[in-house]
Amino acid sequence: DYFGNTEEPTGLWLSELVHFYDAFKHTNVDIDMFNITGGNTPIDPVSLNPLMFDNTTKAYYIIDGLLDK
């Protein structure tokens, strides 16, 4: 996926996924994440920059390896 009519890659913002996941994880709700069109969901590369991480995102991405699950 690309931003508008550019060649700039884009996708789901990592911290939006993490905070959504975190909110449901603490309610003891089973979570299955998938892309309804199949395949992997693209993550916006800018959101993968550690300078963009808050503590929750850092905990899931770096420590827990959320995207590897």
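On the stretch given as the stretch 29-46, residues that are touching a Lys or Arg at 6+ places or on another chain (Cβ under 9 Å) and surrounded by fewer than 10 Cβ atoms within 10 Å (Cβ to Cβ) total 0. Scanning the stretch 1-26 for residues that are modelled with pLDDT of 85 or more and assigned to a helix (DSSP H, G or I) yields L14, S15, E16, L17, V18, H19, F20, Y21, D22, A23, F24.
Taking every residue in the stretch 19-39 that is touching a residue at least 12 places away in the same chain (Cβ under 8 Å) and pairing it with any residue that is β-branched (V, I, T) and in a loop (DSSP other than H, G, I, E, B), at least 6 positions away or on another chain, the pairs with Cβ-Cβ distances below 9 Å are Y21/I31; M33/T41.
Can you name the residue in the stretch 38-66 that is in a helix (DSSP H, G or I), closer than 15 Å to L12 by Cβ and hydrophobic (A, V, I, L, M, F, W, C) and, of all such residues, is modelled with the lowest pLDDT?
Filtering first and then ranking leaves L66.
The values are calculated or read from the model by the stated rules, or taken from the named source; none is laboratory data. Just so it is clear, the model here is predicted, and its values are computed rather than measured. Note that each Cβ is placed from the backbone with ideal geometry, even for glycine, and that neighbours are counted across all protein chains shown.
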